[in-house]
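This report refers to the structure that appears directly beneath it.
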RNA sequence: GCCGUUGUAGCUCAGUGGUAGAGCACUUCCUUGGUAAGGAAGAGGUCGAGAGUUCAAUUCUCUCUAACGGCUCCA
């Protein structure tokens, strides 16, 4: 007999060789039906795998993350079985569970899989699932495994086997399909009740674009049809707040074929948001001791040779232009221009820290397939600044930048993000990274210490640094789940030297400043794209392109409405009158859909008493107020940059 | 850039080997209405671009272009 310890600390004895599924059955049949896998001594196991020794157990169901991912991984195998039966000879690379479902990368040889095939595959999968075939685990020797896939001519699985050592190799078989797989898997195919194959994509083998492209099929499955229906409905809802859809509906931005891909045209409404963001940045930076500068959009090639950008970034820049026998580039970054401003005058320690800020316009040649609404564009306006400081001041400056981020995030109510400390990869020194090993170690430690000192939660990511130093990126997700870097804070120990930037120290020596590159508000493009989704188009009043719409009950009250509108405009409130000969219900509906924060309804009563009826978008009628009282409130809401949740 | 999908009116979308429709938006007229759609009439499209097949192409084929879902890449 062996002792099994449950999460609540209770211990029960079972026969040696008992399975998690047996244990679940001993508790209740209902639980046994729900068990997908089990956490045994901290490892996720098949629920059908015999337990030989004393162990702790946690039964995993659909409600556990590991239960879900096991379910989806098993679904990937089920899909592979269906693919093999409809496309004999298909070879399989890997088929993991992902955040919302699973995929499998497949080499179909000369054949192609198209959208219509997905329905056939779904039908086949449902048929195979109904057979309720068990997933059978088998330990196998490396020799036998190599022979099995060698006979099959499957170079992909042979490649995987190459990295595995004897004794750690397992096969899983369900129905007629056998795969090299670490597992674990759910007990049997029967619990996969609802299946949706979502899309087909190409995917490079081992993620390297020089390798062959495999066909990737994405799918998602559920234990109940109802859950699939809910999932699909959720996707529909998410699409409604997609910034590309909202941006068009609200007249924020547009693209034009003749202007070019990835080159957004900011419409009047979007321009207002840009101006409000710049106002916020200027106020904040001015208080933080920043000085504003303006620099050209192009520069000579030699500038980028000095900065060291060209060898690393040439592919990401627009092609060079020849002029008067000199090569020019459109700028992809503002830093070299700012360095030249630093270098324009002799600097002493008394000038430091010198903080140069610019909403700089950059052009980056993003590959065509990477463009994505406002989130990935080729023309961008960066909330850029460079801080030149001594090593002693570095921690203080870096911390102040971090605090600026958090201040901004509070204003916008941004709480779903991850701070990512990006580090260098020592084996790539001299290629991807500046070859100064000791400086890398030193600055990475400094940055990490600042994060620890300020209690900022972060994750460390190797091989993601800028070529000139480590950085902190703030990662966010678009409404359809794509990940982006919203803001960035980078240390640069390289460019100061490359540009011969110097300052005179207190003891009359010269030293090279450290440089901090920072963009807390990222770029207008990505930030506004993000805000559109974050607010679902319902901008807080301070950002809303139109803040108030005055709605006369009928044309008779148009003069009074225009008088109100004029007063608002004089108080710098963005206001308009709906002067159409429509019924009030229609005017309200259109203004609600346009997501204008406030509506002022005016008719006979209001004109007689010299008041307005206030209506808040999404909330309805707030009652009658004097215009002065309303203006006082909205002015205060705007000047404090309040979000709707803080507005009473 | 690569794999897959799509491109019809300002927007959302029908449709056809014989040069096109709906709803909303727009214009005009009627209506002057109290908190989410009043009524009527009208205007609006080289069916993404180019080439090919055909008596005839928006429809079939090819190329290009742009967008979308991914891969790679990135603020």
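Quick rundown of the values:
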{"read-out": "Top-ranked residue in segment A:353-405 [being free of Cβ contacts under 8 Å to residues at least 24 places away in the same chain and either part of a helix (DSSP H, G or I) or within 13 Å of residue A:490 (Cα to Cα) (or both); ranked as nearest to RNA strand B (Cβ to nearest atom)]", "value": "A:369"}
{"read-out": "Those residues of segment A:174-233 which are without any contact (Cβ under 8 Å) to a residue 60 or more places away in the chain and at positive phi, in sequence order", "value": "A:206, A:207"}
{"read-out": "Residue in segment A:563-570 that is within 22 Å of residue A:248 (Cβ to Cβ), more than 8 Å from RNA strand B (Cβ to nearest atom) and buried (at least 18 other Cβ atoms within 10 Å of the Cβ) present", "value": "no"}
{"read-out": "Spans of helices (runs of 4 or more DSSP H) in segment A:11-94 with at least 1 residues crowded, with 20+ Cβ neighbours inside 10 Å", "value": "A:20-27, A:65-86"}
{"read-out": "Enumeration of residues in segment A:235-280 that are part of a loop (DSSP other than H, G, I, E, B) and within 11 Å of RNA strand B (Cβ to nearest atom)", "value": "A:242, A:251, A:255, A:256, A:257, A:258, A:259, A:260, A:261, A:262, A:263, A:264"}
{"read-out": "Members of segment A:207-217 found to be in a strand (DSSP E or B) and within 7 Å of RNA strand B (Cβ to nearest atom), listed by number", "value": "A:213, A:215, A:216"}
{"read-out": "In segment A:141-189, the residues that are surrounded by fewer than 17 Cβ atoms within 10 Å (Cβ to Cβ), under 40 Å from the mean Cα position of the chain (by Cα) and part of a loop (DSSP other than H, G, I, E, B)", "value": "A:153, A:163, A:164, A:165, A:166, A:167, A:168, A:176, A:182"}
{"read-out": "So residue A:518, is it assigned to a strand (DSSP E or B) and touching a residue at least 24 places away in the same chain (Cβ under 8 Å)", "value": "yes"}
{"read-out": "Filter result for residue A:526 (in contact (Cβ under 8 Å) with a residue 40 or more places away in the chain and within 7 Å of RNA strand B (Cβ to nearest atom))", "value": "yes"}
{"read-out": "Which listed residue is outside any helix (DSSP H, G or I) and more than 19 Å from residue A:275 (Cα to Cα), from A:546, A:551, A:558", "value": "A:551"}
{"read-out": "Filter result (near RNA strand B (Cβ under 9 Å from one of its atoms), in a loop (DSSP other than H, G, I, E, B) and farther than 15 Å from residue A:575 by Cα) within segment A:588-622", "value": "A:603, A:618, A:619"}
{"read-out": "Scan of segment A:100-123 for residues that are in contact with a helix residue (DSSP H, G or I) (Cβ under 9 Å, 6 or more places away or on another chain) and outside any strand (DSSP E or B), ordered by number", "value": "A:100, A:108, A:113, A:117, A:120, A:121, A:122, A:123"}
{"read-out": "Evaluation of residue A:204 against (1) closer than 24 Å to residue A:20 by Cα; (2) within 16 Å of RNA strand B (Cβ to nearest atom) (one fails), failing number", "value": "(1)"}
{"read-out": "Among the residues listed as A:629, A:575, the single one being more than 13 Å from RNA strand B (Cβ to nearest atom), modelled with pLDDT of 95 or more and in contact with a strand residue (DSSP E or B) (Cβ under 8 Å, 6 or more places away or on another chain)", "value": "A:575"}
{"read-out": "Enumeration of residues in segment A:261-292 that are in contact with a strand residue (DSSP E or B) (Cβ under 9 Å, 6 or more places away or on another chain) and surrounded by fewer than 17 Cβ atoms within 10 Å (Cβ to Cβ)", "value": "A:263, A:265, A:267, A:278, A:282, A:286, A:289, A:291, A:292"}
{"read-out": "Residue in segment A:299-309 that is part of a strand (DSSP E or B) and in contact with a helix residue (DSSP H, G or I) (Cβ under 7 Å, 6 or more places away or on another chain) present", "value": "yes"}
{"read-out": "Scan of segment A:418-429 for residues that are outside any strand (DSSP E or B) and crowded, with 18+ Cβ neighbours inside 10 Å, ordered by number", "value": "A:423, A:424"}
{"read-out": "Lone qualifier among A:514, A:558, A:486, A:543 - being assigned by TED's automatic domain parsing to the domain that holds residue A:573 and either more than 26 Å from residue A:374 (Cα to Cα) or buried (at least 19 other Cβ atoms within 10 Å of the Cβ) (or both)", "value": "A:558"}
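For every residue, the table says whether it meets (1) within 16 Å of residue A:290 (Cα to Cα); (2) out of contact with any strand residue (DSSP E or B) (no Cβ under 6 Å at 6 or more places or on another chain); (3) surrounded by fewer than 21 Cβ atoms within 10 Å (Cβ to Cβ).
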| residue | (1), (2), (3) |
| --- | --- |
| A:329 | no, yes, no |
| A:340 | no, yes, yes |
| A:360 | yes, no, no |
| A:365 | no, yes, yes |
| A:368 | no, yes, yes |
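The values are calculated or read from the model by the stated rules, or taken from the named source; none is laboratory data. What you are looking at is a predicted structure, and each value in this text was computed from that prediction instead of being measured. In this analysis, Cβ positions are derived from the backbone assuming ideal geometry, glycine residues included, and neighbour counts consider all displayed protein chains.
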